Amino acid sequence: MQITKLIGYLLISSFILIGCSDDDDNTLVTNALQSGNKKPLGSSANDLLSATNFNSLTIEIIAVQGFEPTTTAIQGFREFLQDRLFKPDGITITQRSVPSSGKAPFSIEEIAEIENTTRTLFNKEDDITVYVYFADGSKENDTNEQVTLGSAYLNTSMVIYEGTLRALSTRPNSPSLSAVETATLNHEFSHLMGLVNLGTPLQSEHEDPNASNHCNVSSCLMEAAIEFGSGMMGMGDVIPELDAQCIADLQANGGR
């Protein structure tokens, strides 16, 4: 996930903005407003799961034109969130499309740059926000044998490589596009919720020793293979679910 590298990049960017702006007061205010959404992956797990600090959640979905998620996937994603989060004031999902950046295939640093120019919603009062970018391409360093479907990279930020998902869904015996989208959205958001051992403490030993921050239970949503194209093949249109141990972790950290 290249989190250390990305955090360093973001910190450097923030320093340059503060040090070089001709409008220091406005920049400082903007930086303060956005600071709650520029933290390490997993650090907002409890805020997302519980109503302790935030009573509602807003998901800002930004998709490249022509690469918007299916309605079925968004509905499945909403149901997943409602099953796992305590948000008494509700969950809002906003969607809009933007032109292509022309940068595919993407590094995480490039995705972060796109977020900096397209994200408009940040934590405000008792509403926590999450940014989801549907990219018109793949992650850099993908191979013919293994492709990455999505990446969670900051506490409230994730990318879905929609170009890859669409290519995967055209292969023989592959699941539908909506099924792949739903599984990828749920998997990456689960990383934001702190799974596995990524801000949400383990209640039992189920982290995969060969794939950090993933579950060692076969067919669990947080199995490492779900993040890659190979793990989706043969799945059919059945969306993987969190196993009992992952759910127990979330419940112990304020979730359902």
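What does the charge count near Phe134 come to, summing +1 for each Lys or Arg and -1 for each Asp or Glu among other residues with Cβ under 9 Å from its Cβ?
Computed value for this residue: -4.
Multiply the residue separation of Lys124 and Gln146 by 0.36 nm, subtract the distance between their alpha-carbon atoms, and state the gained length in nm to one decimal.
Extra length available between Lys124 and Gln146 comes to 4.0 nm.
Where the only charges are on Cβ atoms (+1 Lys, Arg; -1 Asp, Glu), what is the dipole of region 3-252 about its Cα centre, to the nearest 20 debye?
With Lys and Arg at +1 and Asp and Glu at -1, about 220 debye.
Give me the aspartates and glutamates in straight-line cross-link reach of Lys103: C-alpha distance below 19 Å, same-chain residues under 8 apart excluded.
Partners within reach: Glu68, Glu113, Glu115, Asp136, Glu140, Asp142, Glu162.
Calculate the all-directions average of the projected area of region 111-180's alpha-carbon convex hull, and give it in nm².
Quarter of the Cα hull surface area: 5.8 nm².
So for region 193-256, what are the equivalent ellipsoid semi-axes in whole Å, largest first, each being the square root of 5 times an eigenvalue of the Cα gyration tensor?
After scaling each eigenvalue by five and taking roots: 21, 13, 9 Å.
Just tell me which lysines come within less than 26 Å, Cα to Cα, of Lys87; anything on the same chain fewer than 8 places away is out.
By straight Cα distance, Lys87 reaches Lys38, Lys39, Lys124.
What does the convex hull of the Cα atoms come to per residue for region 3-252, in Å³?
124 Å³
Counting C-alpha atoms alone, how compact is region 101-218: give Rg to one decimal and Dmax as a whole number, in angstrom.
Reported Rg and Dmax, both Å: 15.4, 48.
How do 128-140, 240-252 rank on mean C-beta neighbours within 10 Å, highest first?
Sorting 128-140, 240-252 by mean packing, highest first, produces 128-140, 240-252.
Read the figures in this text as sums done on the coordinates, not as results from a lab. Only a predicted model underlies this, so the values are computations on that prediction, with no experimental measurement involved. Don't worry about glycine lacking a Cβ; one is built from the backbone with ideal geometry, like all the others, and counts go over all protein chains shown.
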